[in-house]
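Please read the structure below before turning to the comments.
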Amino acid sequence: MIEVVDVQKIYRMGTVEVPALAGVNLSIARGEMVAIMGASGSGKSTLMNILGCLDVPTAGEYILDGEYIGVTSDGRLAEIRNSKIGFVFQTYNLLPRLSALSNVELALMYGRRPHRRASAIDALERVGLGDRIRHKPTEISGGQQQRVGIARAIVKSPALLLADEPTGNLDTRSGAEIMDILGGLHAEGITVIIVTHEPEIAERANRIITMRDGIIVSDTSANGQHSSSSSGQTAQ
Ligand code: ADP
Ligand code: MG
């Protein structure tokens, strides 16, 4: 599903160049659940933004479902995001004045989609919030807000779900509930990629990738073996 080949990302700030990714190679099959770990500033979010077609590499290739993303127009990038990818954010990114239901429905505004209301209610029921659909973000807990965030991410039935530190602002118990939901979505066949600092969260994935200074320094599957995609890469 995902092929990342020697991807580099350099942010230019005036005359200063910040190398955020320094040659990442990665392949992720449909249906995997992958955790990405690494210190702050190691390039995790930059990689997630590229995987999610929010940004494109400075060099190297990103191939999603056989499509070369680097040469894609902004319009096509939006189309890919809209049809294939769901995002979950650490800070939920909900609109504070809207109900849970409206927040989820809003994700269906782009493109022609029938049965918006019914789809949004269904997504909220799937995350266990069927009885909170009229509540605003300020009227529910952080864990519940993140569940609204997940409902919004899955309402379009994406094949790929990207979650950048989804439990970063939550207590252990709410975090575990969020992981139960993400694990359930994975069990339904969605490819799930989660950035986390917490080892106990990462352990819920089949595969743990660790980044340092813009490269992948380890890539380990649940059975303890290095996954084949990391062959040929060396930690330097
Ligand atoms: P992580 O998510 O692992 O904390 P990031 O991908 O956010 O790491 O950042 C990697 C590096 O790129 C850091 O040095 C960060 O300061 C830099 N960086 C990230 N986003 C930008 C940006 N929009 N402009 C300039 N530099 C950035
Ligand atoms: Mg980050």
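The values are calculated or read from the model by the stated rules, or taken from the named source; none is laboratory data. Because the structure is a prediction, the values reported are computed rather than measured. Cβ: placed from backbone, ideal geometry, glycine included. Neighbour counts: every protein chain shown. The area values use the complete protein model at the heavy-atom level, side chains included, leaving out ligands, DNA and RNA. Shrake-Rupley method; radii C 1.70, N 1.55, O 1.52, S 1.80 Å.
Some notes on this structure:
- Accessible-area ranking of K136, K44, K156, largest first, probe 1.4 Å: K136, K156, K44
- Euclidean distance of C-alpha centroids, segment 92-163 and segment 204-223, integer Å: 30
- The residues of the chain expose on average 48 square angstrom of accessible surface per residue, using a 1.4 Å probe on protein heavy atoms.
- Relative compactness, segment 43-128, computed as alpha-carbon Rg over 2.2 N^0.38 Å: 1.27
- L77 contributes an accessible area of around 10 Å² to the protein surface, as traced by a 1.4 Å probe with all chains present.
- Solvent-accessible area of E139 with every protein chain in place, 1.4 Å probe, in Å² to the nearest 10: 110
- Using the Karplus relation 6.51 cos²θ - 1.76 cosθ + 1.60 with θ = phi - 60°, the per-residue 3J(HN,Hα) values for segment 24-33 come to 9, 10, 7, 9, 10, 7, 4, x, 6, 10 Hz, with x marking Gly and Pro.
- Surface share of carbon and sulfur [accessible, 1.4 angstrom probe, percent] for segment 162-224: 46
- Lys pairs under 25 Å by Cα in the chain, provided they are eight or more residues apart or on distinct chains: 6
- Here's how it looks for G70: its modeled amide H is under 5 Å from those of Y62, which are all 5 or more places away or on a different chain.
- Between the amide H of Y11 and those of V18, A20, distances stay under 5 Å, these residues lying 5 or more places away or on another chain, with hydrogens modeled in the peptide plane.
- Of A20, A153, A118, the one that fluctuates the most in a GNM where the chain has Cα springs shorter than 10 Å: A118
- Against the main long axis of the alpha-carbon atoms of the chain, helix 142-154 sits at an angle near 80°.
- Between the residues Y110, I36, S221, the greatest Cα displacement towards the positive end of the dipole of the chain, with unit charges on the Cβ of Lys, Arg, Asp and Glu, is found for Y110.
- With a 1.4 Å probe rolled over the protein heavy atoms of all chains, the accessible area of T220, T172, T196, T91 falls in the order T172, T91, T220, T196, largest first.
- Cα→Cβ-extended label distance, 7 Å offset, between T138 and A159, nm: 4.2
- Computed on the chain, with alpha-carbon pairs under 8 angstrom and 6+ residues apart, the relative contact order is 28 percent.
- In sequence order, calculated HN-Hα J values of segment 55-72 (Karplus, 6.51, -1.76, 1.60; Hz; x Gly/Pro): 8, 10, x, 6, 8, x, 10, 10, 10, 10, 6, x, 9, 6, 7, x, 9, 8
- Under a 5 Å amide H cut-off, with hydrogens placed 1.01 Å from N, I216 pairs with N25 among residues at least 5 apart or on other chains.
- A 1.4 Å probe over all protein chains sorts M48, M109, M37 by accessible area into M109, M37, M48, starting with the largest.
- Largest GNM mean-square fluctuation among H197, H135, H115, using the chain with Cα springs under 10 Å: H115.
- Fluctuation leader among M179, M33, M13 - the chain, Gaussian network, Cα springs under 10 angstrom: M13
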